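Contents: one structure, followed by commentary.
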Amino acid sequence: MRTPITADDDALRAYLADAEVPALLMTVAHLTGDLSALRADQRAAGWLFQPQGGLTERQQERARDLAFAALVRLRDGEIDVPPPPDPETLRAITSWAIGSDTADLLPLLAEEIVPAGADPKAPRWTKADLAPTTDFGVVIVGAGFSGLLAGHRLAQAGVPFVIYEKNPDVGGTWFENTYPGCRVDVASHLYNYSFAPKLDWPDHFCVQEVVLDYLRSFAEESGLTDAIRFGAEVTGMAWDDTESVWRVSTRTTDGAMETVVCQAVVTAVGQLNRPRLPEISGRDSFTGPAFHSAAWDHSVDLAGKRVAVVGTGASAFQLIPEIADVASELTVFQRNPPWLRPTPHYRDPVPDGARWLFEHVPYYARWHRFWLFAPGLRGILEGWIVDPDYPPTERAVSALNDRLRSALLASMEAQLADAPDLREQVIPRYPVGAKRVLRDDGRWLATLKRDDVELVTAPIERITETGIVAGDREFPADVVIYATGFEASKFLAPMTVTGRGGVDLHGMWNGVPHAYLGVTIPGFPNLFCLYGPNTNLVGQGGSIVYFSECAVTYVLDALRLLLATGKRAIEVRKDVHDDYSAWVDQGNRTRAWGFSTVTGWYSEGGHSAPNWPYSTDEYWRRTHRVDPTDYLIT
Ligand code: N01
């Protein structure tokens, strides 16, 4: 919550030195109502990728001077804190910031630029208003980011619910992934609920414990903890056509089984939850400790050990630099190298001045969030779109994609000047965006250059009792760590899910999962998925937390519809679902990950089950309200 400004002039100047200047200028225009601050020659032309939007020192100084004057007036009571911007002002400020007209984005943006404490996405109805006597309860599966959010919104609407969580704590992936170096690679200030922003994130990209603490505090403060059954895994659910209820089977950690009856189910089990161990011959013969990155064995002391890590995805990228400092030797087995996006402040703390600004300057945190979010609304997506006339290859899928490649390549080449031999191994041979682009502050390549670290790119042939064989060598190891990712395309596995007429969901999907807006599935009434099929963002800006908010808004609206009509079941029409799925598949086929043949979880077997191929605002628009004509309400 914001606290009043009492700082003297010198302190104000010092705080402003740490500002994100484009966001600061937007704040100044809003606070003062003087849009002349938004001069064409003060625009952040490099807004998509460059620090401070590419503003020169001179431009930044001018902006800080304006901000200083505005903060002094605010502190001295010469101006009041204004209401949120009217549509015209919102359009002027945001269009200026990103260099294109934002008229079509205004309803979405109006939810973003709000006073501290506002929650414009909260349901504006309660069950008590709509259906006070209807027996209606919801089971939520999972107490991670999405499940807690769903619980919070249902509580706001007065709809009874219970959350089943297989772990002994909240957090989901942020509880389970405790490997050294684990941190979020989406900016922390975006990686929280829009209505519960944390203004004092210690780092720009916070470590796992801090994200987990945020979720624990949220659960406590929202009163959700009592509604969570910890240590209880949902093993399956079956729709009862006669009663129009779901029968949900659970198993506790001590083996007790239970079946609960509810009117609706919300699954919030994540896409990246079930670790995938590689199918490599001899894997079980290794006699030393071996574990997956998402099930870290903290009882194993890596100090002085020869450690082998399989994989160079996002998890390996974070843990390898950490364990290189402890292990006596580290061997890294890589199939495909990652593209690296320069992010010099990736491991830096948020400077004191910036924290002060977040906590004291009205709306600054909101404009800063918009600034982080804006690439998802305009800009980034275009870089992944396949241009059939280009023509696309495994080097690049469009001229813009090739320019991105050149920029990332230049940053890598600069780091490889003293290690030319590594070049062949670490420069990807697939288009930028076909796999997750990782945030780079130089530590990755610096680690691979170490004398006690060896990068092996020969394919792994087998695992022995004492090490890993690749190419014509055996690499001895005391410990093997599998940073080999998750069963991202196996949605809702290993639960059994049975819908109308006893249809088995996994059988119906047959390895190709789809859901309308990632949320609803024909034949499976009153079942709602969060972070479901095709809702994973590929660097479009925004965050999965934002997508979950969109999906939860949609789920609540569907429940509103159901309760308001007095009906018992809401089910997406098959034709609507199928048309939508075809549209999403077509989008994915024409993105870098759909085009490229590189391996990875973005696209498997020629189909992308996880990814959303369009813009963030497209998802917002489609999930903002339920169109009743899309559904059968019976
Ligand atoms: O998993 P991955 P991850 N032999 O699937 C390799 C999120 N995340 O856990 O590239 C040899 O990306 C595989 O090789 P290849 C984030 O969304 C977020 O690292 O497929 N190698 C790859 O190198 C991320 O994208 C954060 O050719 C094998 C690696 O293992 C997602 O989680 C942090 C192999 C798997 O990489 C998954 O990341 C961490 C085999 N048989 C993760 N099988 C944040 O910061 C697989 N590989 C928020």
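Given their separation in residues at 0.36 nm each and the Cα-Cα distance between them, ARG589 and ARG73 gain 180.4 nm when the chain is fully extended.
Note on GLU571: accessible area approximately 20 square angstrom, rounded to 10, probe 1.4 Å, nucleic acids and ligands left out.
Per residue, how many Å² of accessible area does segment 438-524 show with a 1.4 Å probe? Numbers along the way, then the final one.
Values: 3410 Å² over 87 residues.
That works out to 39 Å² for each residue.
Between MET257 and GLU209, the distance separating the two model label sites (each 7 Å from Cα on the Cα→Cβ line) works out to 4.1 nm.
Taking the DSSP beta bridges in the chain as the whole, what percent of them are antiparallel, to the nearest 5?
On the way: 31 of 68 bridges.
Once the DSSP bridges in the chain are tallied, antiparallel ones form about 45 percent.
Take the Cα of ASP301, step 7 Å toward its Cβ, do the same at THR242, and the gap between the two points is 6.3 nm.
Gain on full extension, evaluated as 0.36 nm per residue between ALA155 and HIS624 minus their Cα-Cα distance, stands at 166.9 nm.
Before rounding to the nearest 500, sum -39500 (n - 2.57) across all DSSP H runs of length at least 4 in the chain and divide by the residue total; then give [θ] at 222 nm in deg cm²/dmol. Walk me through the intermediate numbers first.
On the way: 20 runs with 205 residues, N = 634.
That calculation yields -9500 deg cm²/dmol at 222 nm.
What part of the accessible area of segment 9-120, given as a whole %, is carbon or sulfur when the probe is 1.4 angstrom? The partial results should precede the final answer.
Details: 2620 of 4990 Å².
Percent of accessible area from carbon and sulfur atoms in segment 9-120: 52.
For trypsin sites (Lys or Arg not before Pro), the sites in segment 594-629 that DSSP calls loop and that have at most 14 other Cβ atoms within 10 Å are ARG625. Computed with a 1.4 Å probe over protein heavy atoms only, the accessible surface of segment 9-120 comes to 45 Å² per residue. By a 1.4 Å probe calculation restricted to protein chains, ASP213 has an accessible surface near 80 Å², given to the nearest 10. Find which of TYR191, PHE291, ILE633 sits farthest along the positive direction of the dipole of the chain, computed with +1 on the beta-carbon of Lys and Arg, -1 on that of Asp and Glu, about the Cα centre. Of TYR191, PHE291, ILE633, it is ILE633.
Sorted on the mean count of surrounding Cβ atoms within 10 Å across their residues, most packed first, peptides 343-354, 595-606 read 595-606, 343-354. Shape index of the chain: Rg/Rh, with Rg the Cα radius of gyration and Rh the Kirkwood radius from the inverse mean 1/r over Cα pairs, equals 0.97.
Accessible area per residue was computed with a 1.4 Å probe on protein heavy atoms; LYS449 scores about 70 Å².
Over segment 239-390, with every protein chain in place, what whole percent of the accessible area is carbon and sulfur at 1.4 Å, could you tell me? Answer for segment 239-390 is 48 percent, counting heavy atoms of protein chains only.
Extension gain, GLU487 to MET508, is 5.7 nm, computed as 0.36 nm per intervening residue step minus the present C-alpha separation. Calculate the length of the line joining the C-alpha centroid of segment 197-260 to that of segment 325-344, in whole Å. Cα centroid to Cα centroid, the span is 33 Å.
The values are calculated or read from the model by the stated rules, or taken from the named source; none is laboratory data. What you see is a predicted model; the values in this text were computed from it and never measured. Virtual Cβ from ideal backbone geometry, glycine too; neighbours counted across all protein chains shown. Just so you know, the surface numbers come from the protein's heavy atoms only, side chains and all, with ligands and any DNA or RNA stripped out. Shrake-Rupley method; radii C 1.70, N 1.55, O 1.52, S 1.80 Å.
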